[in-house]
1. So the check is Cβ under 6 Å with 6+ separation or different chains; which pairs have a first residue in the range 11-29 that's more than 10 Å from the ligand (Cβ to nearest atom) and a second one that's among the acidic types (D, E) and open to solvent by less than 20 Å² (accessible area, probe 1.4 Å)?
2. Only one residue in I360, I459, I371 is of a type outside the set (S, T, N, Q), away from the ligand (no atom under 16 Å from the Cβ), under 29 Å from A253 (Cβ atoms) and buried (at least 22 other Cβ atoms within 10 Å of the Cβ), so which one is that?
3. State whether one or more residues within the range 399-418 are among the acidic types (D, E), touching a residue at least 60 places away in the same chain (Cβ under 8 Å) and either assigned to a loop (DSSP other than H, G, I, E, B) or open to solvent by less than 10 Å² (accessible area, probe 1.4 Å) (or both).
4. Can you find, within the range 425-449, the residue that is farthest from the ligand (Cβ to nearest atom) among those that are touching a helix residue (DSSP H, G or I) at 6+ places or on another chain (Cβ under 7 Å) and in a loop (DSSP other than H, G, I, E, B)?
5. I need every pair where a residue in the range 92-119 that is open to solvent by 70 Å² or more (accessible area, probe 1.4 Å) has its Cβ under 8 Å from the Cβ of a residue that is in a helix (DSSP H, G or I), sequence separation at least 6 or different chains.
6. For the range 374-392: of the residues being open to solvent by less than 60 Å² (accessible area, probe 1.4 Å) and in a helix (DSSP H, G or I), which is nearest to V438 (Cα to Cα)?
7. Being surrounded by 21 or more Cβ atoms within 10 Å (Cβ to Cβ), under 19 Å from F252 (Cα atoms) and among the aliphatic types (A, V, I, L, M) is the filter here; which residues of the range 145-184 pass it?
Amino acid sequence: MFPRDFVWGAATSAYQIEGGWQADGKGASIWDTFCHEKSGVFENQNGDVACNSYELWNKDLECIQQLGLTHYRLSFSWSRLLPDGTPKNVNQRGVQYYNRVINDLLACKVSVMVTLYHFDLPQAIQNLGGWKSPGVAALFNDYAKFCFETFGDRVKLWITINEPHTCAKLGHEVGLHAPGLKEKGTAAYMVGHNMLRAHAMAWHSYNSVYRATQKGEVSLALNSDWFEPLDPSCHEDVTSAERDLAFTLGWFAWPIFVTGDYPDIMRSAIETQSKMMGYSGDMRLPRFSKDDPPVLGTADFFALNYYTSRKVTSGGCGDQMLSMKRDLNVEEVLDPSWPVCGVSWLAVVPCGLRKLLKYIKDVFNNPKVYITENGFAQVGPVQIEDVDRCEFYKSTISEVAKAMEEDGVNVCGYFAWSLMDNFEWADGFSVRFGLFHVDFSDAELSRTIYQSGQEYAKIIAKSKSASPI
Ligand code: PNW
């Protein structure tokens with residue numbers, strides 16, 4: 001049973017739902033450019049219109065109310081608010097849009113969690129070097145301060161950056177996401193570093209200027225699979241799984257929650273590979289500078305995006321050149337007993353979430369945890385009666401309850417990904433994560449609740465009416 005004040009939410013992000021890509025003075029983001037100029041997205045689709053939440057926000061609000069959510073997690077489009085990325089030029093129509101969204105939610109007694117950055121860097125900042133350039137951290141801090149100042153009287157839960165791991169790896173190492181760079185073994189570490197610096201600066205701004213009056217909380221959303229050894233009795237498999245956790249969750253969580261620096265496992269793995277290539281010094285994984293505000297302690301809660309699990313064994317990386325994959329040097333496999341949902345990477349492993357939550361409690365000093373994303377995708381012919389996803393939500397939420405009751409993890413909330421079907425990045429509209437179906441072939445973009453949406457609404461209603469523990 002969940003406490004009365006448990007947070008029940010659903011999440012979306014600006015580029016994935018809003019559309020209106022150049023409406024009312026919005027500036028371009030790297031996802032606008034990526035979709036328009038490269039061919040990395042399924043059937044060359046784009047988010048120009050998406051769910052058109054820029055114009056159809058009222059419909060989203062109806063969906064939110066129908067589910068009975070206590071909280072809604074949305075992201076701001078940086079370039080909708082600040083078209084060239086800086087507060088020198090504010091787009092008032094963008095401010096009005098988010099004011100309306102926030103005010104409507106609060107009027108309906110739904111609290112707001114805002115993500116400042118969900119993959120969509122203003123193109124103007126990309127043109128200056130983007131996340132690879134150290135100066136980006138100060139620009140992000142300016143943007144964050146602008147948002148705290150403008151919306152912080154009403155927004156009490158802030159996520160600075162969503163999934164730095166995904167941005168760094170898929171955007172700069174693999175090239176599957178915007179800005180589509182494939183600079184193996186170097187750029188992702190720089191990007192991750194600058195994201196940590198940006199996050200830390202913004203947290204310190206909030207802490208010193210806004211916290212006393214606004215009384216909110218600030219963190220960043222970290223994604224990780226649960227990694228466990230393929231053969232728990234094999235030492236190499238055990239250390240491989242540890243390395244995978246260190247390179248995924250530890251990369252960002254260790255500096256913030258444990259030591260102020262990257263995990264030793266990660267530093268030494270990267271150094272080892274550099275040395276094998278004859279480079280005696282460590283140039284790739286940056287050091288935190290004393291000139292920057294400290295990163296240690298810059299999270300008021302732990303925000304976790306969890307989707308799936310992997311069994312891990314050593315080696316398997318055939319990369320001849322330095323790369324993140326080679327540094328990590330693991331092979332990930334799926335357990336044959338895990339069902340795979342619509343997308344190939346998403347094996348359904350609800351018990352992995354419980355294990356990861358316990359790991360977070362033990363390793364990161366028992367923080368308050370919000371699960372800021374978790375979901376199940378549908379591919380192919382639409383099934384409104386999505387019984388698999390109903391089962392998925394029921395069993396996942398029961399694993400969260402076990403983590404709280406039996407393992408003592410301090411979970412404060414759960415956000416389903418996603419409120420509605422939307423633009424699923426490189427998969428375009430072919431992968432549907434929604435609790436509401438969106439008919440993208442219909443000019444009205446009508447929203448229809450899936451059976452899993454109804455199931456989630458029932459779970460929420462039951463939890464709200466139960467007596468507190
Ligand atoms: C997360 N991958 O991103 C995001 O935060 C959401 O915007 C997204 O819709 C959700 O997961 C579902 O995918 C990811 O390809 C997107 O490995 C893609 C990957 C991982 C995370």
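The values are calculated or read from the model by the stated rules, or taken from the named source; none is laboratory data. If you're wondering where the values come from, they're calculated on a predicted model, not measured in any experiment. All Cβ positions, even for glycine, are placed from backbone atoms using ideal geometry, and neighbour counts span all protein chains on display. Each accessible area value is taken on the protein alone, full model and side chains, heavy atoms only, with ligands, DNA and RNA left out. Shrake-Rupley method; radii C 1.70, N 1.55, O 1.52, S 1.80 Å.
1. W21/D32; S29/D120
2. I360
3. No; the residues of the range 399-418 include none that is among the acidic types (D, E), touching a residue at least 60 places away in the same chain (Cβ under 8 Å) and either assigned to a loop (DSSP other than H, G, I, E, B) or open to solvent by less than 10 Å² (accessible area, probe 1.4 Å) (or both).
4. Across the range 425-449, the extreme among qualifying residues is L445.
5. Cβ pairs passing all conditions: R93/A23; R93/D24; R93/G25; R100/W57.
6. Looking at the filtered set, the residue picked out is R389.
7. Across the range 145-184, the qualifying residues are I159, I161, A168.
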